[in-house]
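K.L.:
Quick one: this structure, given as structure tokens, is what I'll be asking you about.
Please treat every number below as a calculation from the coordinates, not as lab data. Because the structure is predicted, anything quoted here is derived from the model rather than measured. So basically every Cβ, Gly included, is an ideal-geometry build from the backbone, and we count neighbours across all protein chains shown.
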Amino acid sequence: MRLTIFSRLMIGYIAIFILMMGVAAYTILKLHYFNKEMRHILKVDTLLLEYEERLTESLLSQMRYEKKFFITQDDALFGQFLSAKEEFEGYLGKLDSLADTTPKKDLIKRIKKDFEQYHLLISEKVKRVKTKQHTVDRQYEEEKDQKVNAIIEELEHLEAYSHEGIRQKMKTLEETGQSTRKLTIILSTIAVLLFIAISFFTTRSITRPLSLVMGKTNEISGGVFQCDLNISSPPEMSEVARAFNSMCDKLKVVDKMKSDFLSMMSHELRTPLTSIKEGTALLREEVAGPITEKQKRLLTIITEESNRLIDQVNSLLDVSKMESGMMTFHFEQRSLIPLIEMVILEIGPIVEAKKISLEAKINGPLPEIPIDREKILQALRNLIGNAVKFTPEEGQVIVTARSIDREVEISVTDTGPGIPRASLTTIFDKFQQIAPAGSTQERGTGLGLAIAKYIITYHGGKIWAESELGRGSTFTFVLPV
Ligand code: ADP
């Protein structure tokens, strides 16, 4: 889905918000239910119990008044009996309006009926008393007691129902509480997990393309121009990728133009330079006629400068071959010792002129390894040449060679000006030169180490520099056996 970074973040956060709101709403609903049930228990059920108690008390009072009345025949007692009756009927009415289940309502109906019959019996007896025809009627008394007992029993039933109702409600509340707690924990856990997942995916959908861009930037800074950055979403990043690819394409064109120009210029320069060198040699050999000592000295300088220029042009050509992958290698099993000796011999005149002590320390026999002789010679010339070039007069250069594990290691140590720590890796990049502190810049192209690194890496080896400013440098490379 091609969603913008903004929409991704918004959707992510809205989803989390909705989820949290859902959990909160569920908890609030459940709390509301709890409150309602608790209110019902407190308001209705406890009131029911209270009325039931009062009804029993009222019935007992009626019985007392009725008994006293029949003994004393005091009308005031009968009046009290009647007001207790009214009170009973009042409470029964209230109880009826509060009763919330059919069994309770049925019981109340039965109480009403029994109570009416009880009063019918009483009215009958009152009539008899008034007409003085009262006789002790056993059956009547039994019937009346039966009614009273039935009412009391029914009230007890009602009370039991109410207690049972409260118990049931409390049980349901407890169960609902437990399930709500469980569900809230589950929902909260899901919400937290979703929060983590949404945050992870939203952040990743932003950081992943960023790291792709970072990787490509590193490639370009390393000179690899593969302009195929492909980011389809988010749209902002695919826009960045498009711009990046077009920038990369342009850089590629410029880089090619530069390489083509260098290679063309080097080719164009090499032929006239060689002609100058040859011509100067002929003049020096007096092929074109005799020359004076002063002219000879000038011709020597021209020869040296032409040689230097030819070397530089050759280095430039090597670099352009290296970059276009056109440098060819011919591997043979060889020992490095004769190569080291040969470079030391070649550089002899300069070493002598600078009164430098140059020595080779070969530790044990070195195994023959697969190398391109010419290329390794070139790498050695660059390293030993640099050491001699940068070491001041009467300094020391040591070339050590040893075999370790399955590698051959060559080090070139000098007592030159040293290299700042920050430049120890960058000096292997082309055109990188550092002006040694307190000394004038030695002449060079800044290509020697780049070529040496390419050659060693092509052989499957590694090259690095160690140095301390003012204490000289050591350049080491290892080649696999
Ligand atoms: P060049 O020597 O032609 O300038 P290189 O690539 O061989 O180019 O070296 C790059 C830079 O590394 C040099 O310009 C110099 O500043 C530094 N360097 C190389 N070798 C040494 C050394 N032995 N001692 C001090 N600096 C060195």
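K.L.:
Given the Cα-Cα distance of Thr172 and Leu82 and 0.36 nm per residue of separation, how much length would full extension add, in nm?
P.N.:
Contour length minus Cα-Cα distance gives 28.1 nm.
K.L.:
While we're looking at this one, here's another question. How big is the charge dipole of the chain about its Cα centre, in debye rounded to the nearest 20, if each Lys and Arg gets +1 on its Cβ and each Asp and Glu gets -1 on its Cβ?
P.N.:
For the chain, the charge dipole is close to 780 debye.
K.L.:
Can you pull the one-decimal nm distance between simple spin-label points at Val129 and Lys113, each 7 Å off the Cα toward Cβ?
P.N.:
For Val129 paired with Lys113, the spin-label model returns 2.8 nm.
K.L.:
Counting other Cβ atoms within 10 Å of each Cβ, which trypsin sites (Lys or Arg not before Pro) in segment 125-189 have at most 14 and sit in a DSSP loop?
P.N.:
Listed in order of number, the matching sites are Lys132.
K.L.:
Largest first and in whole Å, what are the equivalent-ellipsoid semi-axes of segment 1-106 based on the Cα gyration tensor, each being the root of 5 times an eigenvalue?
P.N.:
Result for segment 1-106: semi-axes of 65, 10, 8 Å.
K.L.:
Under the rule that an exposed site lies in a DSSP loop and has at most 14 other Cβ atoms within 10 Å, name the longest stretch of the chain with no GluC sites (Glu not before Pro) of that kind, not counting the sites themselves.
P.N.:
1-284
K.L.:
Of Val240, Phe477, Ser315, which is farthest on the positive side of the dipole of the chain, counting Cα position, with +1 on Lys and Arg Cβ, -1 on Asp and Glu Cβ, and the Cα centre as origin?
P.N.:
Val240
K.L.:
Let me ask something else. Strictly over 19 Å apart at the Cα level, which of Lys85/Lys109; Lys294/Lys354; Lys68/Lys125; Lys94/Lys169 would you flag in this model?
P.N.:
Where the Cα-Cα span goes over 19 Å, the pairs concerned are Lys294/Lys354; Lys94/Lys169.
K.L.:
At 0.36 nm per residue, minus the direct Cα-Cα distance, what do Lys67 and Met21 gain on full extension? Give it in nm, one decimal, please.
P.N.:
Full-extension gain reported as 9.8 nm.
K.L.:
Let me ask something else about it. Could you tally the net charge around Thr176, taking each other residue with its Cβ under 9 Å from the Cβ of Thr176, Lys/Arg +1 and Asp/Glu -1?
P.N.:
-2
K.L.:
Can you list residues from other chains, or at least 5 along the same chain, whose modelled amide H is less than 5 Å from the amide H of Ile356?
P.N.:
Glu394
K.L.:
Under 11 Å from the Cβ of Ile344, count the other residues' Cβ atoms, weight Lys and Arg +1, Asp and Glu -1, and hand me the total.
P.N.:
-2
K.L.:
Just the ratio, please: alpha-carbon radius of gyration of the chain over 2.2 N^0.38 Å, N its number of residues.
P.N.:
Against the empirical 2.2 N^0.38 Å value, I get 2.43 for the chain.
K.L.:
If we count every other residue with Cβ under 15 angstrom of Arg334's Cβ, Lys/Arg +1 and Asp/Glu -1, where does the sum land?
P.N.:
-3
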